[in-house]
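The values are calculated or read from the model by the stated rules, or taken from the named source; none is laboratory data. Owing to the predicted nature of the structure, the values given are computational and were not obtained by experimental measurement. Reconstructed Cβ throughout: ideal geometry from the backbone, glycine too, with neighbour counts over all protein chains shown. What goes into the accessible areas is simple: the full protein's heavy atoms, side chains included, and nothing from ligands, DNA or RNA. Shrake-Rupley method; radii C 1.70, N 1.55, O 1.52, S 1.80 Å.
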Amino acid sequence: MISRSLVLLEEIQMNTIRRKLHRLALSLPSVLSLLVIRPGPARAQVEKLLPTPQEAEGPFYPDTWTGDIDNDLTKLNGQSYRKGTPMTLAGRILSVDGRPIAAAIVEIWQCDETGKYRHSRDDGEGPANRGFQGFGRTQTNALGEYSFRTIKPVHYAGRPPHVHFKVLAKGHKNTITQMYFAGENAESTVLRLFGGFAKERERLTIAAEVQRANGITTLNAKFDLVLESTA
Ligand SMILES: [Fe+2]
């Protein structure tokens, strides 16, 4: 009698378990449906950046890169240059997919506030003798950032104010170009036709932020460059 009761009890327990399993089986698809990894919205296409337009190197690329060639053109041999309009020139070097390029070499060269280059074909060591370094070289950090301390270049020989750039980075094409200032970036027609300049002048033109303090005007210029891959 006792064993019969035990069998009945066991059957009742088994039936209860079966019912629970059945209910679970019925609800499993809906549970699973929550776990299915649904395809998200179509992956946004990675916008490619346009490489910075190239321009002529021009005749005044530095003859020699010796001596004081750091990123502060307003300090030469420990002396500060106090002529012209002081300008901070900074930006990032990027690949066309927007990634920062670290350890890129960034070179700039430009005229001083008298319109003269530190070059044997222009004023020789004139700018340097006056205390202006004339050209500088630096390297980007891990974020692809570079910065220079310089002065705003001026018009010379019919050319608008500009800073020359040469950027070298592993796996990327060398980029030689020039940066211009908003409102004063027009080239004369003759120079535009024969000067080896990019048609996309606006893409090489920046609006420098003007800061005035204690009667001194300084400029804050930001210029990012995008390098084409060699791959
Ligand atoms: Fe120039």
Original post:
Under a plain spin-label model, where a point goes 7 Å from the Cα along Cα-to-Cβ, how far apart in nm are S120 and W65?
Top reply: 1.8 nm
**OP:** Work out how much length K222 to E57 would gain on full extension: take 0.36 nm times their residue separation and subtract the Cα-Cα distance, in nm to one decimal.
**Re:** 57.3 nm
Subject >> Which of I69, I101, T88, positive extreme of dipole for region 50-108 (C-beta unit charges) >> reply: T88
**OP:** Can you check what the net charge comes to around L168, using other residues whose Cβ is under 11 Å from the Cβ of L168 (Lys, Arg +1; Asp, Glu -1)?
**Re:** +3
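For Y156 and E209, calculate 0.36 nm times their separation in residues minus their Cα-Cα distance, and state this gained length in nm to one decimal.
That works out to 16.8 nm of additional length.
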Original post:
Cα-Cα over 21 Å: which of K166/K222; K170/K199; K116/K173; K83/K152; K48/K152; K116/K170?
Top reply: K170/K199; K116/K173; K48/K152; K116/K170
Original post:
Once fully extended, how much extra length lies between L49 and A142, figured as 0.36 nm per residue of separation less the alpha-carbon to alpha-carbon distance?
Top reply: 31.5 nm
Original post:
Can you give the net charge of the other residues whose Cβ lies under 12 Å from the Cβ of A186, counting K and R as +1 and D and E as -1?
Top reply: 0
Subject >> Average accessible area per residue (Å²) across region 88-166 - probe 1.4 Å, nucleic acids and ligands excluded >> reply: 36 Å²
Subject >> Of all accessible heavy-atom area on region 98-231, the percent that carbon and sulfur account for (1.4 Å) >> reply: 52 percent
Subject >> Label-zone membership for region 119-147, site K170, 7 angstrom Cα→C-beta point, backbone N under 16 Å >> reply: 139-144
Original post:
If you line up the Cα atoms of region 119-231 on their principal axes, what length do they span on each, largest first, in Å?
Top reply: 48, 39, 31
Original post:
How are the C-alpha pair distances of region 168-228 spread across 10 Å bins, as whole percents from the shortest bin up?
Top reply: 18, 38, 30, 13, 2
**OP:** Between E200 and E184, with labels modelled 7 Å along Cα→Cβ, what's the label distance in nm to one decimal, could you check?
**Re:** 2.6 nm
Original post:
Can you list, bin by bin at 10 Å, the percent of alpha carbon pairs in region 80-130, starting at 0?
Top reply: 19, 37, 25, 18, 1
**OP:** Based on the mean of other Cβ atoms within 10 Å per residue, sort peptides 213-223, 51-61, 109-119 so the most packed one is first.
**Re:** 109-119, 51-61, 213-223
**OP:** Enumerate the residues in region 53-92 having an amide nitrogen under 19 Å from the point lying 7 Å beyond the Cα of L193 toward its Cβ.
**Re:** 56
